[in-house]
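Please read the structure below before turning to the comments.
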Amino acid sequence: GENVEQHPSTLSVQEGDSAVIKCTYSDSASNYFPWYKQELGKRPQLIIDIRSNVGEKKDQRIAVTLNKTAKHFSLHITETQPEDSAVYFCAAKWMRNTPLVFGKGTRLSVIA
Amino acid sequence: EADIYQTPRYLVIGTGKKITLECSQTMGHDKMYWYQQDPGMELHLIHYSYGVNSTEKGDLSSESTVSRIRTEHFPLTLESARPSHTSQYLCASSESGGGDTQYFGPGTRLTVL
């Protein structure tokens, strides 16, 4: 089955700096890679996703890049703001009728 | 408004009690999931269902059971609650076919004394 490794587990950045979170996956058949943000006391919410036929996707200050050869994908947040502070989870889907496999999460703190 | 609903939101119960956590969705989704999560920590998949009368166990060994008698309803039952079950339980759903995005409910925070 699929295995997803996420790094780092914690990340602190100054407000206005960029943050990068990286995930690696094990199964080359995986074809869908979402990122979820979970604020304190809230439910995880999808913030961006990418499919295997695309190398990069952007949505305002966030972007996701996918390297299928190396089997890794990354979340990039530019011009970070205090409200970006949260736990971020990456995930991968490796077969049609299998659940998402989640990474262990990254706790991002944006320091004002 | 289409959403995922979980009740109760908070539950404090004694050891040995039987409890059922409710999850309903008005998203029209066929697939539903239960996760266990300590606050801000890793998401552990405990059960999932891809349709009525279909249930599968996830990666986390659990003493819980689920049923899927109606498409919109996916309750989780603990036959005998223990302090080790203290955690947050998140329900989620997703579309069939090409829809892979999972949408999460607000969670039930369970404390077993």
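Farthest toward the positive end of the dipole of chain B, out of B:T55, B:S96, B:S67, is the Cα of B:S67, where the dipole comes from beta carbon charges about the Cα centre. Along the stretch A:16-28 the Karplus relation, 6.51 cos²θ - 1.76 cosθ + 1.60 evaluated at θ = phi - 60°, assigns HN-Hα couplings of x, 7, 9, 10, 10, 10, 10, 10, 10, 10, 9, 9, 5 Hz to successive residues, with x for each Gly and Pro.
Counting only other chain Cβ atoms within 10 Å of each residue's Cβ, the peptide B:41-51 averages 3. Near A:S109, the amide H atoms lying under 5 Å from its own belong to A:L11, A:S12, A:V13; only residues 5 or more places off or on other chains count, and H is placed 1.01 Å from N.
Compared with the alpha-carbon gap, the fully stretched path from A:K68 to A:Q81 is longer by 1.7 nm at 0.36 nm per residue.
A:V13 contributes an accessible area of around 20 Å² to the protein surface, as traced by a 1.4 Å probe with all chains present. Net charge dipole, the stretch A:6-104: roughly 540 debye, given to the nearest 20, about the Cα centre with Cβ charges of +1 for Lys and Arg and -1 for Asp and Glu. Site pair B:V12 and B:T71 shows an inter-label distance of 4.0 nm when each label is modelled 7 Å from Cα along Cα→Cβ.
Within the same chain, lysines fewer than 8 places from A:K22 are excluded, and of the rest, those with a Cα less than 24 Å from its Cα are A:K37, A:K42, A:K57, A:K58, A:K68, A:K71, A:K93, A:K104.
Each residue of the stretch B:63-72 was assigned a 3J(HN,Hα) from its phi angle through the Karplus curve 6.51 cos²θ - 1.76 cosθ + 1.60 (θ = phi - 60°); the sequence is 8, 9, 10, 9, 9, 9, 8, 10, 4, 8 Hz, with glycine and proline shown as x. Rounded to the nearest 5, the antiparallel percentage of DSSP beta bridges internal to the protein assembly as shown is 90%.
The values are calculated or read from the model by the stated rules, or taken from the named source; none is laboratory data. Just so you know, these numbers come straight off a predicted model, no measurement behind them. Neighbour counts are summed over all protein chains in view; Cβ atoms, including those assigned to glycine, are modelled from backbone coordinates with ideal geometry. The accessibility values were calculated without ligands, DNA or RNA, using every heavy atom of the protein model including side chains. Shrake-Rupley method; radii C 1.70, N 1.55, O 1.52, S 1.80 Å.
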